[in-house]
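Q: Okay, handing you the structure first.
Readers should treat all values here as calculations from the given coordinates under stated rules, not as data from a laboratory. These figures come from a predicted structure and were not determined experimentally. FYI the Cβ positions are ideal-geometry reconstructions off the backbone, even for glycines, and counts take in every protein chain you see.
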Amino acid sequence: MRWAILFFIAVPLLEMLLLFEVSDYIGGLWTIVFVVLTAVIGVQILKRQGFSTLTRANQRIGSGELPAQEIVEGLLLAFAGALLLTPGFITDTLGFICLTTPIRRLIAKRVINSGLLMMAGNRSNKGFYWSSSRDFHRESGSSTFDGEFREESGYISGPEDDEDEENTR
């Protein structure tokens, strides 16, 4: 909750103060030109990074792997796009940081390794979805999730399906 207040109140105030200072130093017109220019350049970089990430995700899917890294990177790219389209130098700087491939990959790996996002099976959509559920646990230092899955009648079942089978016997 505090982060939301900080982000939606403090950041715009700081952006305005910085824009006023920059416009006093280089002029209002040049300040506007720089803000628009950073947005245009950022969107062009964003397109390239987005297509690259999408291509890597498709390759992983094609090889039967879950593109977890690419999914989180895609979310970071969407966040970067929103920051770049928001007028101001602070948000542009944060957006460009998210566009920097090594930094973005490091952030994505940390998000994945933190357990903040976990993969879980879902019978209703016969596939996988991302969940923040703590139904899964991980051994410390390991990226292996405990669980049993087997393929039955066209979808992947999980531990909750075993309980259903036991209750129907």
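Q: For Leu94, Leu116, what ranking results if the residue with the fewest other Cβ atoms within 10 Å of its Cβ goes first?
A: Least crowded to most crowded, the residues run Leu116, Leu94.
Q: For Thr100, Thr86, Thr55, what ranking results if the residue with the fewest other Cβ atoms within 10 Å of its Cβ goes first?
A: The order, fewest Cβ neighbours first, is Thr55, Thr100, Thr86.
Q: Another question, then. Could you run the Debye sum over the Cα atoms of the stretch 2-114, one equal point scatterer each and no solvent, and tell me log10 of I(q)/I(0) at q = 0.09, 0.11, 0.12, 0.13 Å⁻¹, two decimals?
A: Listed by q, the Debye log ratios stand at -0.30, -0.44, -0.51, -0.58.
Q: Would you mind ranking Glu73, Glu15, Glu21 so that the residue whose beta carbon has the fewest other beta carbons within 10 Å leads the list?
A: Going from sparsest to densest Cβ surroundings: Glu21, Glu15, Glu73.
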